[in-house]
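Data block below; observations after.
The values are calculated or read from the model by the stated rules, or taken from the named source; none is laboratory data. It should be emphasised that the depicted structure is a prediction, and the values quoted were computed from it without experimental measurement. Methodologically, a virtual Cβ is constructed for each residue, glycine included, from the backbone with ideal geometry; neighbour enumeration extends over all protein chains shown. When the accessible area is computed, the model is the full protein with side chains, heavy atoms only, and any ligands, DNA or RNA have been set aside. Shrake-Rupley method; radii C 1.70, N 1.55, O 1.52, S 1.80 Å.
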Amino acid sequence: MYKIAHHLAWLNLWRRKARSLLVILMIIMSLSGLLALQGLYDGMITHLINTTIRSDSGEISLYAKEYRLDKSLDHILSHVSQVEEELSRIKEISTYSVRLEQEGLIATAHKSLGGTLKGISLENEKSFGRFDTFITKGTYSFGRKNKGALVGSALADKLHLKVGNRLIFTAQDANGEINAISFRISGIFKTGNPSLDENTVFVSMENISQFLGLTESATQIALRIKEADSIKKVQKELQILFPYADILRWDELYPLLIQMRDIMDIFNLTSYAIVFIIAALGIFGVILVSVLERIREFSIMLAIGTPYKMVRTQILLEASFLGLIGYIAGTFLGWILLIYMATAGIDLRSFKAGLELYGYSAIMYADIHFYYFFQAFFAVFFATLLSVLWPLHILKRIKPIQIIQGKML
Amino acid sequence: MKLVHIYKTFYPNTPKEVKALTDINLTFKKGEFTTLSGESGSGKTTLLNLIGGLDTPTSGQIFLDDQEISAFSETQMAKLRLKNIGFIFQAYNLIQVLTVRENIGFIMQLLKFDDKEIDARISELASILQIEDILDKLPGEISGGQQQRVAVARAVASRPKLILADEPTANLDSKNSERLMRMLRTLNEKEHITVIFASHDKYVLEQSKRIIVLDDGVVIEDR
Ligand SMILES: Nc1ncnc2c1ncn2[C@@H]1O[C@H](COP(=O)(O)OP(=O)(O)OP(=O)(O)O)[C@@H](O)[C@H]1O
Ligand SMILES: [Mg+2]
C-alpha cells in the first residue's frame, strides 16, 4: 500500500512541475540563505571572541583584588615568579602572559591624549595569541635597544603617528612621582579589540618596570587553557590557590561579547522562523490547491475502497518530497556557500568604516556547525507536517459520493 | 444481497425534507444483470449508493451474505467496498497519473494480489474489452468510451461479488454505449458477476435480464 502511495505521490508531484519547482526553489533559496547567514553571524562572533582572548583576556585572567575598580599601582600582583611557578604546575594551562600597565598621558609633537602603557614580552605574546599577526605596519619588535613601542592603529591615527616617530608617555610611578619616558614607534597593530587599538601602547616589560620603579610585579596575568571544558574547573582551582587575586573568565571580563552572541542567536532563531513560514506556506499552498483540484479523483479512489490512510500517506509524501528535495538542495547550496565563506572569507571592506566600530576585521570567515543542518531539517520537517493538516482535514470531511455526483464543492 | 424496509430521507424534519426512498424490499441473486429504472428524481442513484455502501439508509437493513452492512463503520465500509464491490461511475473514473494498465490493476494491488496474477488478469480483460492497444497510455490520452471500458476492467478485475454502475453510458454516444453494454453482458455471462445499473438508457435496458422501475422512491415494477 505504501508503495502505491509513494508511486502516486511522486507522479503527482511532477504532474504540476512548475508549481512544485517554484516551492522547492523557495525552500532552497531561503534555506541556503539562512545557513550562509547563520555561519557568517557565528563566524563574526567567534572571530570577536577569539581576538579578544588572543589579544587580551586569555581564557582566564588574574588581577590583584580591587585593581579593576581602581587602576592604581596600589593594587598589583607581586612576587610574580612565585605565581608563575604555581601556574606552570597546572597542566590545563598551555601558556600565560604577564603584563604590567599604567594609565597616563601620551604626547606627540601634534597632540596629547590619555592612554595606557602596557609592558609585555613579545615572545610570550607570540605564543599566547600570535600577537605578531596583528601588526599592520612596521615590525613586531621593540627596536634594536628594546626601547621601541607598538601603537594601536586607531590611537596612531588620532595622534598622526607613523613608524619611526617618537612619543612621550607621562605618568606616576610606584612612589607617586610624575615621570616621562620617550619611545620610538617600531610597529602599529590592529587587533579589532577597541580597548587596545584606541588607547594602548605596548613596550617591553623591562622598560616599563624600570620606568615605574617596580620589580616582580604585574597588573594582569592572562592564561590560555587547553580545553574549553576545563576553564571553570581551572578558575575554581586558581581561586583557592590565589585568594588575594580576582580570577576572571573572558566572558566575565567582556560580557558584551556574550550579549552579542545572544543577540545573534535571536537573529538566527528569527531566520529559522522565516524559513519555517516560507516552507510551510509554500507547501501548504501547493498541496491545498492540488488536493482541491483533484478532489474528484480522491473521491473516486475513496469510493472504490481505497483506505483513507493510503490517501493520507500519499498527500503526506507529496508534501515530504517537496520539503525533502528543497531541504537537500537547500542545505547543499548552503553548505557550499558556507565552505566558501569559511575558507575564502567574504570581504566586508566596503562596509569597513561601519563595522570597525564594533571591532570587526575586514574579511569575515563563516563558522560551520553540524547542528545547523539539524535545525534546518526540523524547520522544514515541521513545516511539511503542518502544511498538510488542513488539506487532510478537508479530505477527511468530504462525502466522496456527493462530490462524484457534483453535489458538493 | 438483500434490502429490508429501506427508507432514505434527506434533510429529515426540515422544510427541505426529501423522501428519496420509501420501504424498499429487494433481493438480488448471484449472476443477475439488473437495471434500476425510472424517471429523473425517482431515487435510482440513491438506492444504488445505499447498496454500494457509499451512503447509509435512514432506516432499514442491507445484508450482503448475511452480514448487515448497513451497520458498518466508515472504515469497515471502505474495506467492504474494496473487496466486494466494483464501481463504475458516469465519467472520469480513472486516476490521471496512472497508465491504463496501472488503473486496471489498482484494486488488485490494494488487495495484494501477486504481480503475475494481476498481469494475467489485465491481459484477459484487455482482450475482452478491446483495450489491448492503449494499456500504456494515460487516461487523458484516450477517448471517453475507452475510459469507460477501462473503468469496467478495473471494477471487475478482482472478481468482486457485485458491480454497481450509475449511468455508465450517459456520456457516451450510441455506438459506444451499445458496445460497452455488450461487453458487460459478456463478462456477466462468462464470469457470473452480479451487475446492478441505475439507468434509463435504452441500450442498458435492452441488455438487462431484470428491470426494477422506481417512481418517487417506491418500487412500482419488478420484472
Ligand atoms: N445528497 C442529496 N441531498 C439532498 N437530496 C438529494 C440528494 N441526493 C438525492 N436527493 C434527492 O433525492 C431524490 C432522488 O434522487 P436520485 O439522485 O436518487 O434520483 P435519480 O433517479 O438518480 O435521478 P436521475 O435520473 O436524474 O439521476 C431527488 O428528489 C433528489 O433531489
Ligand atoms: Mg441518478
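Identify, please: which residue in segment B:29-40 is out of contact with any Ser or Thr (no Cβ under 9 Å at 6 or more places or on another chain) and outside any strand (DSSP E or B) and is, among those, farthest from ligand 2 (Cβ to nearest atom)?
Taking segment B:29-40 as the starting set, the residues that turn out to be out of contact with any Ser or Thr (no Cβ under 9 Å at 6 or more places or on another chain) are B:38-40.
Filter once more, keeping what is outside any strand (DSSP E or B): B:39-40.
Details: B:Glu39: 11, B:Ser40: 7 Å.
So, considering only residues that are out of contact with any Ser or Thr (no Cβ under 9 Å at 6 or more places or on another chain) and outside any strand (DSSP E or B), the one farthest from ligand 2 (Cβ to nearest atom) is B:Glu39.
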inquiry  = Checking the conditions here, which among B:Lys79, B:Lys2 is more than 16 Å from ligand 1 (Cβ to nearest atom) and under 22 Å from B:Arg223 (Cα atoms)?
reply    = B:Lys2
ask   = Does segment B:65-83 contain any residue that is out of contact with any strand residue (DSSP E or B) (no Cβ under 6 Å at 6 or more places or on another chain), basic (Lys, Arg), away from ligand 2 (no atom under 16 Å from the Cβ) and open to solvent by less than 50 Å² (accessible area, probe 1.4 Å)?
value = yes
request  = Please name all residue pairs, on different chains or six or more residues apart, with Cβ atoms under 8 Å, provided the first residue is in segment B:21-32 and is under 11 Å from B:His192 (Cβ atoms) and the second residue is open to solvent by less than 20 Å² (accessible area, probe 1.4 Å) and more than 15 Å from ligand 1 (Cβ to nearest atom).
outcome  = B:Lys29/B:Thr194; B:Lys30/B:Thr194; B:Gly31/B:Asn188; B:Gly31/B:Ile193; B:Gly31/B:Thr194; B:Glu32/B:Thr194; B:Glu32/B:Val195
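Restricting the search to segment A:79-114, which residues are open to solvent by 60 Å² or more (accessible area, probe 1.4 Å) and modelled with pLDDT of 90 or more?
Passing the criteria: A:His79, A:Gln82, A:Glu85, A:Glu86, A:Ser88, A:Arg89, A:Lys91, A:Ser94, A:Glu103, A:Leu105, A:Ser112.
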task = Considering (1) within 16 Å of ligand 2 (Cβ to nearest atom); (2) touching an Asp or Glu at 6+ places or on another chain (Cβ under 8 Å); (3) not in a loop (DSSP other than H, G, I, E, B), say which one B:Leu26 fails and leave the rest.
result = (1)
ask   = Restricting attention to segment B:144-151, does a residue exist that is within 14 Å of another protein chain (Cβ to nearest Cβ), among the polar types (S, T, N, Q) and within 16 Å of ligand 1 (Cβ to nearest atom)?
value = no
The listed residue being more than 14 Å from chain B (Cβ to nearest Cβ) and under 28 Å from B:Tyr92 (Cα atoms), out of A:Val286, A:Val311 = A:Val286
query = Of everything in segment B:24-40 that's of a type outside the set (A, V, I, L, M, F, W, C) and surrounded by 14 or more Cβ atoms within 10 Å (Cβ to Cβ), which residue is nearest to the other protein chains (Cβ to nearest Cβ)?
reply = B:Gly38
key: Pairs where the first residue, in segment A:11-34, is assigned by TED's automatic domain parsing to the domain that holds A:Val275 and the second is among the aliphatic types (A, V, I, L, M) and open to solvent by 80 Å² or more (accessible area, probe 1.4 Å), C-beta under 8 Å, 6+ apart   = A:Ser30/A:Ile274; A:Leu34/A:Ile274
inquiry  = Could you check segment B:8-64 and list, in sequence order, the residues that are touching a strand residue (DSSP E or B) at 6+ places or on another chain (Cβ under 9 Å), within 14 Å of ligand 1 (Cβ to nearest atom) and among the polar types (S, T, N, Q)?
reply    = B:Thr9, B:Thr22, B:Thr35, B:Ser37, B:Ser42, B:Thr45, B:Thr46, B:Asn49, B:Thr56, B:Thr58
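Restricting to segment B:41-58, give me the number of residues that are open to solvent by 50 Å² or more (accessible area, probe 1.4 Å) and more than 17 Å from the chain's Cα centre (by Cα). Break it down into steps so the answer makes sense when it comes.
Of segment B:41-58, the ones open to solvent by 50 Å² or more (accessible area, probe 1.4 Å) are B:41, B:56, B:58.
Subset that is more than 17 Å from the chain's Cα centre (by Cα): B:41, B:58.
Looking only at that region, the number is 2.
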task = Identify the residue in segment A:164-180 that is touching a Leu at 6+ places or on another chain (Cβ under 8 Å) and closer than 22 Å to A:Ala218 by Cα and, among all such residues, is surrounded by the most Cβ atoms within 10 Å (Cβ to Cβ).
result = A:Phe169
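May I ask you to say which residue of A:Ile4, A:Ile24, A:Ile28 is assigned to a helix (DSSP H, G or I), modelled with pLDDT of 90 or more and within 14 Å of chain B (Cβ to nearest Cβ)? Outline the logic, then answer.
Details: A:Ile24 fails: within 14 Å of chain B (Cβ to nearest Cβ); A:Ile28 fails: within 14 Å of chain B (Cβ to nearest Cβ).
That would be A:Ile4, the only listed residue that is assigned to a helix (DSSP H, G or I), modelled with pLDDT of 90 or more and within 14 Å of chain B (Cβ to nearest Cβ).
Can you work out which of the residues in segment B:3-23 that are of a type in the set (Val, Ile, Thr) and more than 14 Å from ligand 2 (Cβ to nearest atom) is surrounded by the fewest Cβ atoms within 10 Å (Cβ to Cβ)?
In the first step, residues of segment B:3-23 are kept if they are of a type in the set (Val, Ile, Thr); the result is B:4, B:6, B:9, B:14, B:18, B:22.
Among the residues that remain, those that are also more than 14 Å from ligand 2 (Cβ to nearest atom) are: B:4, B:6, B:9, B:14, B:22.
Numbers: B:Val4: 16, B:Ile6: 23, B:Thr9: 16, B:Thr14: 8, B:Thr22: 16.
Per the criteria, the residue is B:Thr14.
Can you name the helices (runs of 4 or more DSSP H) wholly within segment A:245-312 that have at least 3 residues being open to solvent by 70 Å² or more (accessible area, probe 1.4 Å)? Step through it out loud before you land on a result.
Working: elements: A:250-253, A:255-293, A:295-303.
Ranges flagged: A:255-293.
Answer yes or no as to whether A:Arg15 is surrounded by fewer than 19 Cβ atoms within 10 Å (Cβ to Cβ) and within 14 Å of another protein chain (Cβ to nearest Cβ). Step through it out loud before you land on a result.
Values: surrounded by fewer than 19 Cβ atoms within 10 Å (Cβ to Cβ): yes; within 14 Å of another protein chain (Cβ to nearest Cβ): yes.
Considered against the rule, which asks whether it is surrounded by fewer than 19 Cβ atoms within 10 Å (Cβ to Cβ) and within 14 Å of another protein chain (Cβ to nearest Cβ), A:Arg15 comes out as yes.
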Filter result for the condition that a residue is crowded, with 16+ Cβ neighbours inside 10 Å, among the charged types (D, E, K, R) and under 15 Å from A:Ala218 (Cβ atoms), over A:Asp74, A:Asp56 = A:Asp56
query = Do any helices (runs of 4 or more DSSP H) entirely within segment B:41-121 hold 2 or more residues that are in contact with a Pro (Cβ under 9 Å, 6 or more places away or on another chain) and within 11 Å of chain A (Cβ to nearest Cβ), and if so, which?
reply = B:74-84, B:100-110
Residue that is surrounded by the fewest Cβ atoms within 10 Å (Cβ to Cβ) [pool: residues in segment B:180-207 that are in contact (Cβ under 8 Å) with a residue 60 or more places away in the chain and within 16 Å of ligand 1 (Cβ to nearest atom)] = B:Leu205
